[in-house]
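Bear in mind these aren't lab numbers, they're just calculated from the coordinates by the rules spelled out. Keep in mind the model is a prediction, meaning the values are calculated, not measured. Here Cβ is always computed from backbone atoms with ideal geometry, including for glycine, and neighbour counts include all displayed protein chains.
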Amino acid sequence: MKYVWVDGKLIPEREAVIPILTHALHYGTSVFEGIRAYYNPERRNLYIFRAREHYVRFHNSAKILGIRINYSVDELINATVELLKVNEVHENVYIRPITFVSASTVNLDIRDLETKTAIIAIPFGHYLEPRGVRAKVVSWLRVHNSMFPMKAKVGGIYVNSVIALLDAKVSGFDEAILLNRDGYVAEGSGENIFIVKDGILHTPPTYDSILEGITRDTVMTIARDLGFTVIERRITREELYTADEVFFVGTAAEVTPVINVDGRVIGNGEPGPITLKLRNYYMDVVYGRVDKYKGWLTPVY
Ligand code: PY5
């Protein structure tokens with residue numbers, strides 16, 4: 001994209017560069033979000049999905065890490081709208097807000113260090129194969145809540161996801177599933193996870209070392225709306241193997257079927273009917289085709 005938003009200014013992307021000693025580059029001291037905006041070519045409208053919830057989480061992540069974001073939730077929403085307008089976005093995009101410790105220092109003490117905030121938009125299609133992915137339960141565990149709060153979406157924490165995904169990829173799988181320190185299913189490298197058993201949806205609870213995903217909340221809400229029972233509870237590894245359906249949810253992943261776990265075929269090896277029903281409804285919601293959820297959309301135009 002031509003322009004990025006940096007601390008209140010829209011500047012050309014090539015000018016948005018950082019010094020080599022930037023604290024966040026060395027120590028992962030950043031908080032970030034991943035938001036999508038969906039473009040409808042027929043009606044020529046662009047909607048940002050759940051912008052408010054993402055920016056509230058952004059502020060909470062900063063609070064947990066102990067850094068300051070110099071812009072309110074409303075200012076950040078307005079900045080995002082401006083960014084998409086100035087770039088004349090007429091396609092689906094992924095929006096990446098980031099606040100990072102920008103001071104040039106090797107000291108670990110972040111009190112009073114300067115932060116910068118940027119928002120970048122990137123053209124974006126599918127993150128995972130929508131026809132279904134093969135997942136591996138990797139031996140790397142999810143960082144436990146007692147080691148770092150997983151509710152915070154902090155840059156440095158993503159090395160845990162990177163090493164887990166690398167393990168899955170080099171073993172010939174598409175995505176990783178991480179267990180938590182207690183041996184229960186936590187989440188994918190960049191997605192939350194659901195299983196379906198006998199028509200009921202189950203997903204790990206937020207205290208089980210997972211990111212409290214906004215898509216997870218969206219899917220729980222719309223699934224209940226469609227009449228499904230959703231239970232937040234601890235899930236064991238073998239429950240993945242014997243589930244009727246397994247699927248990932250996330251801003252990037254949307255609703256992606258998991259058709260194989262550790263070489264075990266899930267269901268009949270095809271995306272399951274409940275997964276597909278939820279994915280279709282989810283896409284209707286994000287494109288603004290469901291009136292009752294219009295409140296989740298921020299129109300750009
Ligand atoms: N769990 C982890 C570890 C995540 O990184 C993400 C989002 C989720 C769950 C789902 O959260 P939400 O539904 O709020 O998006 N991952 C990012 C995303 O934009 C980055 C992926 C590379 O989907």
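Taking amide H atoms as placed 1.01 Å from N in the peptide plane, the amide H of residue 261 lies under 5 Å from those of 135, 266, each 5 or more residues away in sequence or on another chain.
Taken over the Cα atoms of the range 1-82, the convex hull encloses 111 Å³ per residue.
Largest GNM mean-square fluctuation among 89, 290, 230, using the chain with Cα springs under 10 Å: 290. Of the two radii for the range 54-149, the radius of gyration is 1.05 times the Kirkwood radius, both from the alpha carbons; that is the Rg over Rh value. Across 102, 209, 30, mean-square fluctuation computed from a Gaussian network of the chain (C-alpha pairs under 10 Å connected) peaks at 102.
Only helices enter this figure: runs of n ≥ 4 DSSP H residues, each worth -39500 (n - 2.57), summed and divided by the residues of the chain, yield -8000 deg cm²/dmol at 222 nm to the nearest 500. For the range 133-286, the relative contact order comes to 24 percent (Cα pairs under 8 Å, sequence separation of at least 6). Cross-link partners among lysines for residue 169, C-alpha distance below 24 Å, same-chain residues fewer than 8 apart left out? In chain and number order, the partners are 136, 153. Straight-line cross-link partners of residue 63 among the aspartates and glutamates, defined as a Cα under 18 Å from its Cα and at least 8 positions apart when in the same chain: 33, 53, 74, 75, 109, 112, 114, 212. For the chain, a Gaussian network of Cα nodes joined below 10 Å ranks 215, 275, 22 by mean-square fluctuation, and the top entry is 22. Between the listed residues 228, 163, 269, the Cα displaced farthest toward the positive end of the dipole of the range 133-286, a dipole computed from Cβ unit charges relative to the Cα centre, is found at 163. If you wrap the tightest convex hull around every Cα atom of the chain and split its volume per residue, you get 131 Å³.
Using the 2.2 N^0.38 Å rule of thumb for compact globular proteins, work out how the range 213-301 stacks up: its C-alpha Rg over that value, please.
Values: Rg = 14.3 Å, N = 89, 2.2 N^0.38 = 12.1 Å.
With N residues counted in the range 213-301, Rg over 2.2 N^0.38 Å equals 1.18.
Spherically averaged projected area of the convex hull of Cα atoms, the range 133-286: 8.2 nm².
The relative contact order of the chain, computed from alpha carbon pairs under 8 Å that lie at least 6 residues apart in sequence, is 20 percent.
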